[in-house]
Amino acid sequence: MPMPPLVLVHGLWDTPRLFRRLEQQLAGARDPLLIPHLSHRLGATPLLSLAERLGEEIEQRFGRQQPIDVLGFSMGGVIARSWLQLLGGSQRTRRFLSVASPQQGTLTAQGCPRALIEGIADMKVGSALLRRLNADHRALDGVECLSYFTPTDQVVVPGWRAVLPFGPVRPLPVWLHQNVLSAPASLELLRQELLRP
């Protein structure tokens, strides 16, 4: 049985080009791919607004019923999770991979004023969005969820906060956040998971 389409969601200050090496690793085995460009206005756009845009892109490309898999990197993981839990995306999603994503907040966002950069402020430890997501995640009961993190992450601080509060957790063999989607060892682990039936 063929695997469902795969949606890749980039993070802050990234574009779809972020996933170029991962696409090369997959070598067409997970086509069709959707890698939307979610313009975040330097972190000013609230993550729930970006989640709404993500849902619109998915529906435009695959309709309302087609099952999909989703991988979200960094801020993209929180955007994807917001779509899954709060906007009904879980009803059509088979598997969700959260990769180096501040699912439990990051200390690097703590000093960011919400009035100026709402999207970054959504990633603060204890933000209203993260409290809402973590308070009730029953919407994800039917979705296979998996978290990848790097313990020495310098963007999601401390690194162990870059995991969902449920589901399996796996470390990645890289030191830095920006190497997660470029280091061969990390890419190989993600490739293996994405090609798993």
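The values are calculated or read from the model by the stated rules, or taken from the named source; none is laboratory data. Everything numeric in this text was worked out from a predicted model, so none of it was measured. Backbone-built Cβ (ideal geometry, glycine too); neighbour counts: all protein chains shown.
Observations on the structure shown:
- Filter result for the condition that a residue is under 17 Å from residue 90 (Cα atoms) and either surrounded by 19 or more Cβ atoms within 10 Å (Cβ to Cβ) or touching a His at 6+ places or on another chain (Cβ under 9 Å) (or both), over 38, 18, 71: 71
- Matching residues, the stretch 167-191, being farther than 16 Å from residue 72 by Cα, surrounded by fewer than 18 Cβ atoms within 10 Å (Cβ to Cβ) and not charged (D, E, K, R): 173, 175, 176, 184, 185
- Screening the candidates 49, 39 for the property of being at pLDDT 95 or above, among the polar types (S, T, N, Q), outside any strand (DSSP E or B) and farther than 24 Å from residue 190 by Cα yields one hit, 49.
- Summed over the stretch 84-126, the residues that are surrounded by fewer than 23 Cβ atoms within 10 Å (Cβ to Cβ) and without any contact (Cβ under 8 Å) to a residue 60 or more places away in the chain give a count of 19.
- Figure legend. Inter-residue proximity from the stretch 164-184: first residues in contact (Cβ under 8 Å) with a residue 40 or more places away in the chain, second residues loosely packed, with under 14 Cβ neighbours inside 10 Å and of a type in the set (A, V, I, L, M), beta-carbon distance below 9 Å, spacing 6+ or different chains. Indicated pairs: 172/185.
- Helices (runs of 4 or more DSSP H) lying entirely in the stretch 100-197 (those with 2 or more residues that are of a type in the set (S, T, N, Q)): 184-194
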